Amino acid sequence: MGVAVSLSGLASAVANEGGIGIISSAGIGMLLPGFAKNFQDANKKALRREIRKARSMTDGIIGVNIMMALSDYEDHMIVAMEEGVDLIISGAGLPLKIPEIVLKDKAAENRTKFLPIVSSAKAASLIFRYWSSHFGVIPDGVVVEGPAAGGHLGFKKNQLDHPEYTLDKIIPQVVETLMPFEKEFGKKLPVIAAGGIYTGKDMYNIMKLGARGVQIATRLVPTDECDASLAFKEAYIHSSKEDIVVIDSPVGLPGRAIKNRFLEDVANGKKHPVNCPWKCLRSCDYKTAPYCISQALVNAAKGKLKNGFVFAGSNAWRTNKIQPVKAVLNEMIEEYNRAKISLHRLPVNKYAEKNTAVI
């Protein structure tokens, strides 16, 4: 949930309820005054600040989401590990060439866990085979993000509504793919389902297919503790199903967002001048981009929706109020338990765990 949506406030609130709170490092330096003078230093300073702030508000589990597409990806990794975060989640690319600090940390007792984000069993297999053969170690699990997620998507547009690319199709395939690595390395490799998980029933159903936990984003945006502005949260609350659209991002990927005037203007050919002080994303050609996506997203997070837009998952339109994180998670737990009671007699997928823990 970058840029500036999931920071220390939301992450610590989730961690305090027994979940894993995730700080997004994307564009994080843009929150500091004068960031354009030295974007690289601003990113490191802001990330370190948010991790320490989160730690001051919780004794729970704190992680960081670091996009591989970031130009200073390795800097973010080093800061996160120096600060001793519990885990790092990394997507927007295949993490094959990993920073040396990750390999060194693998031998530590209280080491930082590393989970790549993938959208297919093929990608998971490639990462785990590469790490195994080149480094003699493997990641600690994997986050599988399906096509119903918000923001940038790891699918082609024609795959988003295709029945073969749904999360419930992909999860069992990834679970099966990781089984040989579990056996070889003698450890459990949790598969975390992401994208479109909105209710506790969704959570129960996907965990029956072998997922060991879920990653929740959209439902946690309209919460008191979410770090985005009130206007950002209200965009979720006031959206309709028809407002949730797939756009062409300037960085060459489809993305899911809430339709607004800014996006309509862009679709009609309007360009917003890009004054790029730092090429924050490797794949961005700022000279031809119709707008700076990082600036548009940070504008939205600050409530300046005339100059930005809101990324959101496919279920964003279902939200209707702002409430505390505790209330949201309690609702989901109740929904999960009701689903478990009503559906426990149905056959369980052969890859599902008998005693599955919710993250």
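The values are calculated or read from the model by the stated rules, or taken from the named source; none is laboratory data. None of the values given here were measured: they were computed from a predicted structure. We place every Cβ from the backbone using ideal geometry, glycine too, and count neighbours over all the protein chains shown.
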Discussion item. Cβ contacts < 7 Å: first residue of a type in the set (Phe, Trp, Tyr), restricted to the range 38-50; second residue part of a helix (DSSP H, G or I), any location; separation 6+ or different chain. Result?
Written reply: 39/29
Worksheet item: Is one or more of the residues making up the range 102-121 small (Gly, Ala, Ser) and surrounded by fewer than 16 Cβ atoms within 10 Å (Cβ to Cβ)?
Response: yes
Item to complete: Scan the range 302-318 for residues that are closer than 25 Å to residue 161 by Cβ and either touching a Cys at 6+ places or on another chain (Cβ under 9 Å) or surrounded by fewer than 23 Cβ atoms within 10 Å (Cβ to Cβ) (or both) and report the count.
Response: 4
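Here is a yes/no grid of residues against (1) within 18 Å of the chain's Cα centre (by Cα); (2) among the acidic types (Asp, Glu); (3) outside the structural domain of residue 127 (by TED's automatic domain parsing); (4) over 30 Å from residue 259 (Cα atoms):
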{"site": "157", "(1), (2), (3), (4)": "no, no, no, no"}
{"site": "162", "(1), (2), (3), (4)": "no, no, no, no"}
{"site": "189", "(1), (2), (3), (4)": "no, no, no, yes"}
{"site": "202", "(1), (2), (3), (4)": "yes, yes, no, no"}
Worksheet entry | Single residue of the range 177-202 satisfying the filter (part of a helix (DSSP H, G or I) and aromatic (Phe, Trp, Tyr)) that is farthest from residue 165 (Cα to Cα) | 185
Practice prompt. Among the residues of the range 18-48, write down those that are under 20 Å from the mean Cα position of the chain (by Cα) and surrounded by fewer than 17 Cβ atoms within 10 Å (Cβ to Cβ).
Written response: 18, 48
Worksheet item: Scanning the range 91-123 for residues that are assigned to a helix (DSSP H, G or I) and either in contact with a Phe, Trp or Tyr (Cβ under 9 Å, 6 or more places away or on another chain) or closer than 20 Å to residue 61 by Cα (or both), which turns out modelled with the lowest pLDDT?
Response: 105
Discussion item. Whether any residue in the range 18-29 is farther than 28 Å from residue 146 by Cβ and without any contact (Cβ under 8 Å) to a residue 40 or more places away in the chain is what I want to check.
Written reply: yes
Discussion item. Considering only the range 69-91, I want to know if a residue exists there that is assigned by TED's automatic domain parsing to the domain that holds residue 324, closer than 18 Å to residue 297 by Cα and surrounded by fewer than 21 Cβ atoms within 10 Å (Cβ to Cβ).
Written reply: yes
Worksheet item: For the subset of the range 192-233 comprising residues that are in contact (Cβ under 8 Å) with a residue 24 or more places away in the chain and of a type in the set (Asp, Glu), which member is nearest to residue 124 (Cα to Cα)?
Response: 227
Response to the item:
residue 264 passes all but one of the listed conditions (1) modelled with pLDDT under 90; (2) more than 30 Å from residue 169 (Cβ to Cβ); the exception is number (1)
Worksheet item: What residue, among those in the range 131-176 that are under 26 Å from residue 253 (Cα atoms) and among the polar types (S, T, N, Q), is surrounded by the fewest Cβ atoms within 10 Å (Cβ to Cβ)?
Response: 158
